[in-house]
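What follows is one structure encoded as C-alpha cells, with my remarks underneath.
Any read-out appearing in this document is the output of simple, stated calculations on the displayed coordinates, not a laboratory observation. Computed from a prediction, not measured in an experiment: that's the story for all the values here. FYI the Cβ positions are ideal-geometry reconstructions off the backbone, even for glycines, and counts take in every protein chain you see.
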C-alpha cells in the first residue's frame, strides 16, 4: 500500500497547528505593512528626539506638534478618499486659503461665527463640487482640473480679501480664536476635531455602502460600474468631501493664527498628499487607511519639528517631504511587485 509523501517539517507544523499558521501569517503581513513601518518610524523618531534634545518631550512642544499635525491630517483624510478612487486633488491648499478668507470677510463684516463658518464650508464644498463635476461627468483629468482650481482659488482669495490681512473677526472673534487656538482637557481643539473626523471616516469606509463603493471604484472602475456602483456620483462625492475637510482645517487654522492672509494654505497640498501616501494610500487607487493617513501626518510633523529643534535650515523641509513621497511610492511599488510574483 502506497503511503502519501511526507510533508516538509515546517509545512507539517503549520498545517497541524493552526495557531502557528495564524502567527506566521500575522507577522508576515505586519512586516509587509507600510502602516506598521510608519508607526515604527514615528515612535523611533520620538524616542530619539527625546534623548538628543531637551525640548522635544516638553508638554508645550508636544502640544504644538499634535496641534500642527492635526491641521494636515484633517485635510489628508479627505485626500485619502480622493486618492483611493484613483484621483488627486492638488487644489486643497488654495481651498484652505479661499475658505479662510471667506470666513474672515463674513465675520469681519459683523456677522456671527455660525454664518462665517457656514459660508467658509460652503465655499470649500463648492470648490470640491466643481472639481468633482468636471472630473466625474466630463471625464477630465484630475490633475489638470485641480491644478486649474489651485490657481482660481488663490486668485479669488485675493479678490475677496482685497489683498489685505484680516485681524478683526467681529463680535464673535473670541469664539473663533478659542475654537482654533484653545484646548479642552489639555489637548488642542484641532486634535479633538481630528479624532472625531478620523472615527467617522473609519466607520464610513469600513461599514457603509459608500465606503465600499469608494474602494471598489479605485480597485477596478469598469468592474464597479458593471456591478451597479454609481461611479460618477462616488467620484464627485469624494472631491466634495475633500473640499469640506479643507474648509474645516481653514476654520481651525484661522482661529489659531488670529489673522488670515491670502497666503493661507500655500504649499499645504504637498504636505497633505505626502501624509496620505506615506500612510499607505496607493496613488494607483484601491488601497488606503484612515489610521495610516493620520500617522503619516504625525510622522511629517515630528520630522519637521525635529529639524527646527536641531537647528537645521527650514529650507530643507521641502526636500524632506519630497523624499518621503518618493520613498512611500517606491514602497508601494515594491509591495505590489511582491504580491504579483
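Starting with the fewest neighbours, write out 213, 137 ranked by other beta-carbon atoms found within 10 Å of each beta-carbon. Neighbour counts put them in this order, fewest first: 137, 213.
Mind sorting 321, 217, 254 by how few other Cβ atoms lie within 10 Å of their own Cβ, fewest first?
321, 217, 254
In a fully extended conformation the segment linking residue 129 and residue 44 would gain 26.6 nm over its present Cα-Cα distance, using 0.36 nm per residue.
Contact order, relative form, for the chain: 30 percent (alpha carbon pairs under 8 Å, 6 or more residues apart, mean separation divided by residue count). Let a ≥ b ≥ c be the square roots of the eigenvalues of the Cα gyration tensor of the range 141-262; is it rounded (a/c under 1.5), or, if not, prolate (a/b larger than b/c) or oblate? Oblate is the answer for the range 141-262, as a/c is 1.5 or above yet b/c matches or exceeds a/b. Where only DSSP H runs of four or more residues are counted, the chain gives -25000 deg cm²/dmol as its mean residue ellipticity at 222 nm, each run worth -39500 (n - 2.57). Projecting label points 7 angstrom from Cα along Cα→Cβ for residue 233 and residue 59 puts them 5.1 nm apart. Place a label point 7 angstrom from the Cα of residue 36 along the Cα-to-Cβ direction, then list the residues of the range 276-291 whose backbone nitrogen is under 15 Å away. Under 15 Å, as judged by backbone N against the label point of residue 36, lie 280 of the range 276-291. Expressed in Å, the radius of gyration and Dmax of the Cα atoms of the range 37-155 are 18.6, 55.
Going through [x] 22.5; [y] 16.6; [z] 17.6, the figure that equals mean projected area of the Cα convex hull in nm² as computed for the structure here is [x]. Under 11 Å from a label point 7 Å along Cα→Cβ of residue 164: give me every residue in the range 91-127 with its amide N that close. Only 109 pass the distance filter. Scaled against the 2.2 N^0.38 Å expected of a compact globular protein of N residues, the Cα radius of gyration of the range 240-341 reads 1.22.
Using only Cα atoms, tell me the angle between helix 231-257 and the longest principal axis of the chain; keep it within 0 to 90° and round to the nearest 10. Taking the Cα atoms of the chain, the angle to 231-257 is about 50 degrees. Neighbour counts of other Cβ atoms within 10 Å put 236, 242 in the fewest-to-most order 236, 242.
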